[in-house]
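In what follows, a structure is listed as structure tokens, so that the remarks can point back to it.
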Amino acid sequence: MARSEAASYPPAMGAFDTYEAPARCPSCGDINYLGGQTKAFEPDFGEHFGRHFEPGAPQVVGYVPSNMIRERIWDGEWWRVRDRAEPRRIRLLADFDELVACLCGRPLAAILNLEYDDDARTLELRSIDALDAIEDDVAAQVDLASGEGVVPWTGDYRAFVAELEALVERPEQVRAQTLRRALHQHFDGYERWSVANADEPLVGWCRLQGEVRCEACGATRERARVLSLLGSEGAEPALGAGFSGGALRVGARLAVSLDWRERDEHRGPFLRLRHPLPADSLTLCGAPERWGCGCGAGRAALIVRFAVDDGGLVLEELTTRSLHTLDDLEGVDLAYASELLHPTARPREPVTREEAIRYLSYRWRLAPSARGG
């Protein structure tokens, strides 16, 4: 009997384990740094909790890990999808609320490829495979999947487990079809995830769209990214008075006031990294994201370049840059740091440029400058 089967309520929320590994998109080849939280490894069991699973780092789980696939239902929530597992391996579909789409619009089913050692009672995340959640036969490669997102939740945990018990008694083909249906429902009209059908940005955010070039290898792809360019409510927009946000394509002209460029000040959620600014350009840098070019340069940060003229700003180019050292901020005028500059988080004294650099170095895990600055 699973540990929680006798309960009339779900296991306590308690601690979560986390995981992360890179996975290549099967459609465009970009690398997504997939990660999230899960309770699949019983983080509350035997005081083993708060573990981080990543390749090359086996984690003690405090129970015989092969039990996860010997039982038809594991811990009252995870259910067997395929009948035949691989030796010493467990293929776990990430929780449904952790499933995302690649920036190219391809819905991804993230499968955690785990290796277990019953003697040591450890599990190691060897890799994460990203499958096309709609077109690929995901069920054929999954041992365990969460019942959440598959069995409707009515507020009655006993009823939830009873539904799972009925599901796992059905033939493997029926279980596979059930998982496929759940994935379709999760990505509900998956065509909307594509760049061409990107939703309008939320209030305060701007959608930047066009050909995006990787600065490491030169590859270009059509992408749409959102960035907060307006700042907090009531404040002047980061790009100047007259800017109202919305969607911008490369080549768009913004008729904004540029008087602020003469003042050595931070702008909305952006830290000012140098003064004075170049007379004919403005370069913004977003925070490193959970994806990167397929060339393997690393997590990408969006670089937004504007040309400056008497009429305001022209969105000139969008690129991605992998930031590893402070030297990689060369040429950046404003860097996104909303956590530091948000009104509720802002210290009493203005943030100096030195403090800004230290913050970015810590937050973005940047190595010191090779020039010693």
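Brief remarks follow.
- Taking the average, over residues, of other Cβ atoms within 10 Å as the packing measure, peptides 99-108, 147-156 rank 99-108, 147-156 from highest down.
- Summing charges over all other residues whose Cβ lies under 9 Å from the Cβ of Gly35, with Lys and Arg as +1 and Asp and Glu as -1, gives -2.
- Most to least packed among 32-39, 244-251 [average Cβ atoms within 10 Å]: 32-39, 244-251
- Residues with amide H under 5 Å from that of Glu316, placed H, sequence gap 5 or more: Gly251, Arg305, Phe306, Ala307
- Cα pair count fraction exceeding 21 Å, expressed as % - the range 17-193: 47
- Which labelled figure in (1) 72, 41, 40; (2) 82, 52, 30; (3) 68, 55, 40 is Cα extents along the principal axes in Å, once derived from the coordinates: (1)
- 0 to 90° range, to nearest 10: angle between helix 157-168 axis and the chain longest Cα axis: 70
- Sequence ranges 159-165, 299-305, ranked by mean other-Cβ count within 10 angstrom, highest first: 299-305, 159-165
- Between helix 353-363 and the chain: long-axis angle, C-alpha atoms, 0 to 90°, nearest 10: 20
- For the range 198-363, the equivalent ellipsoid built from the Cα gyration tensor has semi-axes of 23, 20, 16 Å, listed from largest to smallest.
- Relative contact order (%) - criterion: Cα under 8 Å, at least six apart; region: the chain: 13
Values in this text are rule-based calculations from the coordinates and carry no lab data. Just so we're clear, the structure is a prediction, and the values are computed from it rather than from any experiment. All Cβ positions, glycine included, derive from the backbone under ideal geometry; neighbour counts span all protein chains shown.
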